[in-house]
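> Dropping the structure in here first, questions after.
Just so it is clear, none of the values below were taken in a lab; they were calculated from the coordinates. Everything quoted here is computed from the prediction, not taken from an experiment. Note that we place each Cβ from the backbone using ideal geometry, even for glycine, and neighbour counts take in every protein chain shown.
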Amino acid sequence: MPLLPDAGHIPTTEELAEIDAWFAAYDGYSARREIERMADVAVFPLNLVSDDSQGNGAAAQWDRARFVETMTQVMGGGDEDITFESTRTPVFLSPAMVIVFTDSAMTAGGHTQRLRYADILIKRDGAWAFQTMLQGGWGDNLR
């Protein structure tokens with residue numbers, strides 16, 4: 001596969017720091033299971049792209065209520081925090097659009113799970129918010 005020529009937006013140090021800060025805050029909400037706060041930094045309807053247990057691609061749009069309901073169910077109501085160790089690679093399409101690829105290790109209750117996913121964030125009124133989530137294995141929840 002040929003490499004694409006340099007294209008898109010070359011982020012400034014400040015823009016990269018904004019993305020790092022956004023994910024630090026979001027990971028904190030996730031770690032504390034603050035689902036409503038997670039929803040506060042999303043743009044609804046939220047696009048989700050995944051695959052299901054049958055190996056088929058799946059896509060859906062969720063409103064805020066569906067996001068909160070599903071994430072509450074998935075993340076459970078445990079008392080211990082969830083920890084994340086993540087390596088992120090942002091690819092800016094413009095100063096207001098970025099795709100962020102993440103390799104992460106999530107630990108909860110002594111069990112660690114490795115994750116690979118991507119998020120599309122957009123900047124509105126000076127603040128970043130996620131608009132699309134891409135991750136394998138969620139397709140059965142998208143029906």
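> Which of VAL74, VAL91, VAL43 moves the most in a Gaussian network model of the chain with Cα springs under 10 Å?
Ranking VAL74, VAL91, VAL43 by mean-square fluctuation puts VAL74 first.
> Rounded, prolate or oblate: pick one for region 1-124, where a ≥ b ≥ c are the square roots of the eigenvalues of its C-alpha gyration tensor, a/c under 1.5 means rounded, and failing that, prolate if a/b is larger than b/c, else oblate. Walk me through the numbers before you get to the answer.
On the way: a/c = 1.55, a/b = 1.41, b/c = 1.10.
Cα axes put region 1-124 in the prolate bin.
> Pop a pseudo-label 7 angstrom from the Cα along the beta-carbon direction at both GLU14 and ILE122 and give the gap in nm to one decimal.
Modelled inter-label distance: 2.3 nm.
> Next question, about the same structure. Once both axes come from the Cα atoms, what is the angle between helix 64-75 and the longest principal axis of the chain, in degrees from 0 to 90, rounded to 10?
Tilt relative to the chain: about 60 degrees.
> How many nm is it between the label spots at VAL74 and THR107, if each spot is 7 Å from the Cα in line with the beta carbon?
So the two model labels end up 2.2 nm from each other.
> Using the Karplus equation 6.51 cos²θ - 1.76 cosθ + 1.60 (θ = phi - 60°), what ³J(HN,Hα) coupling, rounded to whole Hz, does each residue of region 134-141 give in order, writing x for Gly and Pro?
Those phi angles translate into 10, 7, x, x, 9, x, 5, 8 Hz.
> Here's something else I'd like to know. Once you keep just the Cα pairs under 8 angstrom separated by 6 or more residues, what percentage relative contact order results for region 75-143? The partial results should precede the final answer.
Details: 112 pairs, mean separation 15.6, N = 69.
Computed over region 75-143, the figure is 23 percent.
> So between ALA58 and PHE44, what do we pick up on full extension, going 0.36 nm a residue minus the alpha carbon distance?
Numbers: separation 14, 0.36 × 14 = 5.04 nm, distance 1.81 nm.
Between ALA58 and PHE44, full extension yields 3.2 nm more.
> Using θ = phi - 60° and the Karplus form 6.51 cos²θ - 1.76 cosθ + 1.60, what ³J(HN,Hα) does each residue of region 24-29 get, whole Hz, x for Gly and Pro?
Values per residue, Gly and Pro as x: 4, 5, 4, 4, x, 4 Hz.
> Quote the relative contact order of region 13-141 in percent (integer), defining contacts as alpha-carbon pairs under 8 Å separated by 6+ residues. Write down the numbers at each step before the final one.
Working: 222 pairs, mean separation 35.0, N = 129.
Averaging sequence separation for qualifying contacts and normalising by length gives 27 percent for region 13-141.
> Further question: Please list, in order along region 112-129, the HN-Hα scalar couplings obtained from phi with the Karplus expression 6.51 cos²θ - 1.76 cosθ + 1.60 (θ = phi - 60°), rounded to whole Hz, x for Gly and Pro.
Ordered by residue, 3J(HN,Hα) equals 10, 10, 8, 10, 10, 7, 9, 10, 9, 10, 10, 9, 10, 6, x, 10, 7, 8 Hz.
> Note down the magnitude of the dipole of region 13-141 about its Cα centre, charges +1 on Lys and Arg C-beta and -1 on Asp and Glu C-beta and zero elsewhere, to the nearest 20 debye. Write out the running numbers ahead of the final one.
Details: 10 positive and 20 negative charges, 43 e Å.
The dipole magnitude comes to about 200 debye.
> When Lys and Arg each count +1 and Asp and Glu each count -1, what net charge do the other residues less than 11 Å away from TRP138, Cβ to Cβ, add up to? Numbers along the way, then the final one.
On the way: positive: ARG143; negative: ASP51, ASP52, ASP140.
Spelling it out: positives minus negatives among the neighbours equals -2.
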